[in-house]
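Colleague: Here it is, the structure in full.
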Amino acid sequence: MLTVAMPKGRIFEEAVELLRKAGYNLPPEFEDNRRLIIDVEEAGMRFILAKPMDVPTYVEHGVADIGVAGKDTMIEEERDVYEVLDLKISECYMAVAALPTYEKNRDIAPKVASKYPNLAASYFREQGEQVEIIKLNGSIELAPLIGLADRIVDIVSTGQTLRANGLVELETIVPITSRLIVNPVSYRMKDTVIDEVVERLAAVVEGEEQ
Ligand code: PRP
């Protein structure tokens, strides 16, 4: 059996659709379910449904052989896993945003709120700017509105959340898509099975592009 770590939440539906297109016959209970482990015997796969940010952790520790993880998570977590395929789903990007009244040069004790403290810290380090990073777990857009931080580093997809909260984008940091990741030991032990998954998914990704 191949154990596959899947991210619950936004990426989930697109990842499931991709797997189905690749010929894996995932049962309907996949979508409407609170179960965290789902075996699909005919595919020879066991799926574990994890928080997106935890997928690389499961794969690094080898309790999952492969997984689907956002590039955002990969950058933030820096786990020891192979990134074998860009699945080109859940496209978005990481950006710095603030209220339109924000003025960088007036910012004497800059605070930046983010769910991605490592990514944000390394971005500002590269920019040569000293900032204090405040880690939040969600609803990051709140931070500038209530004066917790002047800027945020967060995912932008449609831009609706920024607009709805009167925030503007200042800088784009990095484009994000989901990746197929593999545990290095699993790749040695189960190379044939994993290669087949990679090939099947790669064919779907290529097909979608045309
Ligand atoms: C993400 C992200 C933004 C929003 C961006 O949050 O943190 O808030 O989506 O999407 P948009 O550009 O299409 O509006 P998510 O909904 O995943 O929840 P969170 O606030 O709990 O992180």
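Colleague: Among the residues of the range 72-80, is there at least one that is among the aliphatic types (A, V, I, L, M), in contact (Cβ under 8 Å) with a residue 12 or more places away in the chain and not in a helix (DSSP H, G or I)?
Modeller: no
Colleague: Kindly indicate which of V96, V63 is over 15 Å from the mean Cα position of the chain (by Cα) and either open to solvent by 20 Å² or more (accessible area, probe 1.4 Å) or not β-branched (V, I, T) (or both).
Modeller: V63
Colleague: Do we have L119 as under 19 Å from M53 (Cβ atoms), buried (at least 18 other Cβ atoms within 10 Å of the Cβ), more than 16 Å from the ligand (Cβ to nearest atom) and of a type in the set (A, V, I, L, M, F, W, C) here?
Modeller: Judged against the criteria, L119 is not a match.
Colleague: Could you tell me which residue of the range 143-166 is farthest from the chain's Cα centre (by Cα), considering only residues that are open to solvent by 70 Å² or more (accessible area, probe 1.4 Å) and more than 9 Å from the ligand (Cβ to nearest atom)?
Modeller: For the range 143-166, the residue satisfying everything is I146.
Colleague: Still on this structure, please answer the following. Out of (1) in the same structural domain as V63 (by TED's automatic domain parsing); (2) assigned to a strand (DSSP E or B), the odd one out for V197 is which?
Modeller: Looking at each condition in turn, V197 falls short on (2).
The values are calculated or read from the model by the stated rules, or taken from the named source; none is laboratory data. The structure displayed is predicted, hence computed values, not measured ones. Cβ sites come from the backbone with ideal geometry, for glycine too, and all protein chains shown count toward neighbours. For accessibility, only protein heavy atoms count, side chains too; no ligands or nucleic acids. Shrake-Rupley method; radii C 1.70, N 1.55, O 1.52, S 1.80 Å.
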